[in-house]
Amino acid sequence: MPRYDLHCHSTHSDGLLQPAEVVRRAAARGVDVLALTDHDELSGLAEAADAAREAAIALVPGSELSVSWEDQTFHVVALGIDPACEALALGLAAIREGRTTRARRIGAALADAGIPGAYEGALRYVTSERLVSRTHFARYLVEAGYVGDVKSVFKRYLTRGKPGYVKHAWASLPQAIGWIREAGGQAVLAHPGRYKLGTSELRRFLGEFRDTGGAGIEVLSSSHTHAQFAQFATLARVFGLAASSGSDYHGPGESYMDLGDLPDLPAGVTPVWARW
Ligand code: AMP
Ligand code: MN
Ligand code: MN
Ligand code: MN
């Protein structure tokens, strides 16, 4: 069976490797089908496609869209989109603009918490002038010596309820799924195990996601435990959603799992690639 890894990042969002390096690393690690899914961005796909041709693996054009639903942030992975789709490109450009405004507010919030200059510091870590993310703040705060490692920065400063967290309105669920479908892609809920939701709220979200045109959920993700692999396989079946698998790799030293490290999908689910 071919090995799929349908979620990872490059320097075109908050990853550490160039798109071509990501593709070559995936190929070297035995991945046959790779989706590059940079946050709210498509600009790395052309380089990735060239590298995939050279490495003789398949590249699925993708992105990971930031979405707001009832006061919470969700990530929706777009798979198999046409990178030339204008509606999608415009939608992503609008999300990226919001990121810049948010980043200034994060900088101000951190300054209030006694950490001046974080916005400028984060910008030094940005690797695509089009996109700034909390990851860039985290890398700066580590470098500046405020916290020992990136994960601890998120825990202490950048997550809900912490001093550097600011609320932000991303795209709506119907917008994000609409753009993805207009671009001919499948909308897949990223790392469902990461959201702070009770079981009934998660079920309500999954029902709405499916009814809005969502195609699948990540059953396998580096964010999930083995128990969650089984839990989300069951939810995929119950909600009639396809199953996806993605490492969410961001680069050496910063990820739980490397490209291609996930096991095969559990039995009984329909893979998102069933109709590819
Ligand atoms: P943003 O889209 O700017 O809100 O940033 C979200 C990104 O931050 C995610 O895609 C991850 O790369 C990273 N991230 C979020 N939570 C954590 C965490 N607890 N530890 C490490 N990285 C995280
Ligand atoms: Mn990220
Ligand atoms: Mn994500
Ligand atoms: Mn991701």
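The values are calculated or read from the model by the stated rules, or taken from the named source; none is laboratory data. If you're wondering where the values come from, they're calculated on a predicted model, not measured in any experiment. Methodologically, a virtual Cβ is constructed for each residue, glycine included, from the backbone with ideal geometry; neighbour enumeration extends over all protein chains shown. Calculation scope for accessible area: heavy atoms of the full protein, side chains included, ligands and nucleic acids excluded. Shrake-Rupley method; radii C 1.70, N 1.55, O 1.52, S 1.80 Å.
Is it the case that ALA52 is farther than 20 Å from GLU86 by Cα and either touching a residue at least 24 places away in the same chain (Cβ under 8 Å) or within 12 Å of ligand 1 (Cβ to nearest atom) (or both)? Break it down into steps so the answer makes sense when it comes.
Details: farther than 20 Å from GLU86 by Cα: yes; either touching a residue at least 24 places away in the same chain (Cβ under 8 Å) or within 12 Å of ligand 1 (Cβ to nearest atom) (or both): yes.
It is true that ALA52 is farther than 20 Å from GLU86 by Cα and either touching a residue at least 24 places away in the same chain (Cβ under 8 Å) or within 12 Å of ligand 1 (Cβ to nearest atom) (or both).
For region 253-275, which residues satisfy the criterion of being away from ligand 4 (no atom under 13 Å from the Cβ) and either modelled with pLDDT under 95 or open to solvent by less than 50 Å² (accessible area, probe 1.4 Å) (or both)?
Those that are away from ligand 4 (no atom under 13 Å from the Cβ) and either modelled with pLDDT under 95 or open to solvent by less than 50 Å² (accessible area, probe 1.4 Å) (or both): GLY253, ASP258, GLY260, LEU262, LEU265, PRO266, VAL269, PRO271, VAL272, TRP273, ARG275.
Could you tell me whether any residue of region 11-21 is crowded, with 24+ Cβ neighbours inside 10 Å, assigned to a helix (DSSP H, G or I) and of a type outside the set (D, E, K, R)? Can you show your working first?
Start the filter on region 11-21 by keeping residues that are crowded, with 24+ Cβ neighbours inside 10 Å, which leaves 12-15, 19.
Of the ones still in play, those that are also assigned to a helix (DSSP H, G or I) are 19.
Subsequent filtering for residues that are of a type outside the set (D, E, K, R) retains 19.
Yes, because at least one residue in region 11-21 is crowded, with 24+ Cβ neighbours inside 10 Å, assigned to a helix (DSSP H, G or I) and of a type outside the set (D, E, K, R).
Let me confirm something: among THR212, THR234, which residue is in contact with a helix residue (DSSP H, G or I) (Cβ under 6 Å, 6 or more places away or on another chain) and away from ligand 3 (no atom under 16 Å from the Cβ)?
Working: THR234 fails: in contact with a helix residue (DSSP H, G or I) (Cβ under 6 Å, 6 or more places away or on another chain).
Only one candidate qualifies: THR212.
Which of (1) in contact with a His (Cβ under 6 Å, 6 or more places away or on another chain); (2) more than 14 Å from ligand 1 (Cβ to nearest atom) does HIS9 not meet, given it meets every other one?
(2)
Which residue, of THR135, THR127, is within 15 Å of ligand 3 (Cβ to nearest atom), under 21 Å from SER13 (Cα atoms) and of a type in the set (S, T, N, Q)?
Values: THR127 fails: within 15 Å of ligand 3 (Cβ to nearest atom).
Of THR135, THR127, the one residue that is within 15 Å of ligand 3 (Cβ to nearest atom), under 21 Å from SER13 (Cα atoms) and of a type in the set (S, T, N, Q) is THR135.
Would you check which residues across region 69-99 are at pLDDT 95 or above, more than 16 Å from ligand 4 (Cβ to nearest atom) and assigned to a loop (DSSP other than H, G, I, E, B) and list them? Talk me through it step by step, then tell me what you get.
In the first step, residues of region 69-99 are kept if they are at pLDDT 95 or above; the result is 69-70, 72-99.
This time we only want the ones that are more than 16 Å from ligand 4 (Cβ to nearest atom), so: 69-70, 72, 80, 82-91, 93-94, 97-98.
Scanning region 69-99 gives GLU70, GLY80, ASP82, PRO83, ALA84, CYS85.
Go over the candidates ARG3, ARG104, ARG29, ARG25 one by one and state the one that is open to solvent by 10 Å² or more (accessible area, probe 1.4 Å) and either over 22 Å from SER245 (Cβ atoms) or within 12 Å of ligand 4 (Cβ to nearest atom) (or both).
Values: ARG3 fails: either over 22 Å from SER245 (Cβ atoms) or within 12 Å of ligand 4 (Cβ to nearest atom) (or both); ARG29 fails: either over 22 Å from SER245 (Cβ atoms) or within 12 Å of ligand 4 (Cβ to nearest atom) (or both); ARG25 fails: either over 22 Å from SER245 (Cβ atoms) or within 12 Å of ligand 4 (Cβ to nearest atom) (or both).
Sole residue among the options that is open to solvent by 10 Å² or more (accessible area, probe 1.4 Å) and either over 22 Å from SER245 (Cβ atoms) or within 12 Å of ligand 4 (Cβ to nearest atom) (or both): ARG104.
How many of the residues in region 49-68 are part of a helix (DSSP H, G or I) and within 15 Å of ligand 4 (Cβ to nearest atom)? If you could, list the steps in order and put the result at the bottom.
Taking region 49-68 as the starting set, the residues that turn out to be part of a helix (DSSP H, G or I) are 49-55.
Filter once more, so that each one left must be within 15 Å of ligand 4 (Cβ to nearest atom): none.
Within region 49-68, residues that are part of a helix (DSSP H, G or I) and within 15 Å of ligand 4 (Cβ to nearest atom) number 0.
Here is a yes/no grid of residues against (1) more than 20 Å from SER68 (Cα to Cα); (2) within 16 Å of ligand 2 (Cβ to nearest atom):
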residue	(1), (2)
HIS191	no, yes
LEU206	no, no
ALA215	no, no
SER222	yes, yes
ALA230	yes, no
ALA233	yes, no
SER245	yes, no
ASP264	yes, no
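Just checking, which of LEU189, LEU206 is over 30 Å from ALA28 (Cα atoms) and either touching a His at 6+ places or on another chain (Cβ under 9 Å) or hydrophobic (A, V, I, L, M, F, W, C) (or both)? Can you show your working first?
On the way: LEU189 fails: over 30 Å from ALA28 (Cα atoms).
Going through LEU189, LEU206 in turn, the sole match is LEU206.
Can you run down the residue pairs with Cβ atoms below 9 Å, 6 or more apart or on separate chains, where the first is in region 139-164 and open to solvent by 70 Å² or more (accessible area, probe 1.4 Å) and the partner is part of a helix (DSSP H, G or I) and of a type outside the set (A, V, I, L, M, F, W, C)?
GLU143/GLY121; GLU143/ARG124; GLU143/TYR125; TYR146/TYR140; TYR146/ARG156; TYR146/TYR157; LYS162/LYS155; LYS162/ARG156
Between GLU218, GLU182, which is within 18 Å of ALA78 (Cβ to Cβ), among the charged types (D, E, K, R) and more than 19 Å from the chain's Cα centre (by Cα)?
Details: GLU218 fails: more than 19 Å from the chain's Cα centre (by Cα).
Testing whether each residue is within 18 Å of ALA78 (Cβ to Cβ), among the charged types (D, E, K, R) and more than 19 Å from the chain's Cα centre (by Cα) leaves just GLU182.
Look at region 60-89 and say how many of its residues are open to solvent by 40 Å² or more (accessible area, probe 1.4 Å) and not acidic (Asp, Glu). So that I can check it myself, show each step before the final result.
Quick first cut of region 60-89, residues open to solvent by 40 Å² or more (accessible area, probe 1.4 Å) only: 70-71, 73, 82-84, 86, 89.
Okay, now just the ones that are also not acidic (Asp, Glu), so 73, 83-84, 89.
Summing the residues that are open to solvent by 40 Å² or more (accessible area, probe 1.4 Å) and not acidic (Asp, Glu) in region 60-89 gives 4.
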